[in-house]
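Heads up, the thing below is written out as structure tokens.
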Ligand SMILES: [Fe+2]
């Protein structure tokens, strides 16, 4: 961004064709720098979309509250947290194409969602509502945006309610929707061939009815 103008924006999955690609967005960074016609040392701020320590705090507390259930998920998640996610400044600096000496900025998860909705919008003033599975601790927030300022002022529901409503939403909305997409021959966007013109691919005919019970 330069002032209030977006010069370039991209998601890594568009280059690697791996849906929700979690790897460092090397391709997206390179594309944005090229598109904006600038070098890394001309950039003032690099921003990450959530606060890793706050999220880790929430994860630990959730695992502790529900222990011993969730132990498998805990064991699977911890190595990546300990090796990478708690060392994000190091990981980001390692992944950028050049030396980064300026500070890195970490916004809260819901602030990122709110900013991505309000700042590119055509409204000078707006009320903002964010609802997301979970970020750090908040699950739904209300805020106000004015010009180039934005503030989240109320945190509506916390993770307990989210975790109660999420499974319901998942099975009552996402599952039927996914089944519908499969029924009309569409599948997720993971694409082995980068040269194909479309992300959509035809689904193979299921051989077992059990396939319909899987989400993805
Ligand atoms: Fe989110």
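For a footprinting-style exposure proxy, rank 35, 125, 136, 111 by other Cβ within 10 Å, fewest first. It would help to have the intermediate numbers written out before the result.
On the way: 35 12, 125 9, 136 19, 111 22.
The order, fewest Cβ neighbours first, is 125, 35, 136, 111.
What distance in nm separates the two pseudo spin-label positions at residue 20 and residue 117, each 7 Å out from Cα along the beta-carbon direction?
According to this spin-label approximation, the distance is 2.0 nm.
Determine, from the Cβ-Cβ distance of residue 53 and residue 180 and an R0 of 35 Å, the FRET efficiency 1/(1 + (r/R0)^6), rounded to the nearest 0.05.
Details: r = 40 Å, r/R0 = 1.14.
Approximately 0.30, to the nearest 0.05.
Within 10 Å of each residue's Cβ, count the other Cβ atoms and sort 184, 18, 6 from fewest upward.
On the way: 184 7, 18 14, 6 11.
Ordered from fewest to most neighbouring Cβ atoms within 10 Å, 184, 18, 6 come out as 184, 6, 18.
If r is the Cβ-Cβ distance from residue 4 to residue 90 and R0 is 35 Å, what FRET efficiency results, to the nearest 0.05? Write out the running numbers ahead of the final one.
Numbers: r = 32 Å, r/R0 = 0.90.
Once rounded, the FRET efficiency stands at 0.65.
What order do you get for 170, 31 when you list them from fewest to most C-beta neighbours inside 10 Å?
Details: 170 12, 31 17.
The order, fewest Cβ neighbours first, is 170, 31.
Could you check the spin-label model distance between residue 124 and residue 146? Points 7 Å from the Cα along Cα→Cβ, value in nm.
Result for the modelled spin labels: 1.3 nm.
Residue 42 to residue 173: FRET efficiency via 1/(1 + (r/R0)^6), r the Cβ-Cβ distance, R0 41 Å, to the nearest 0.05?
Values: r = 44 Å, r/R0 = 1.08.
E(calc), rounded to 0.05, equals 0.40.
Quick note: the coordinates plus some simple rules give every number you see, no bench work behind them. In this text the structure is predicted, and so the values were computed from the model without any measurement. With ideal geometry, Cβ positions are generated from the backbone for all residues, glycine too; neighbour counts draw on all protein chains shown.
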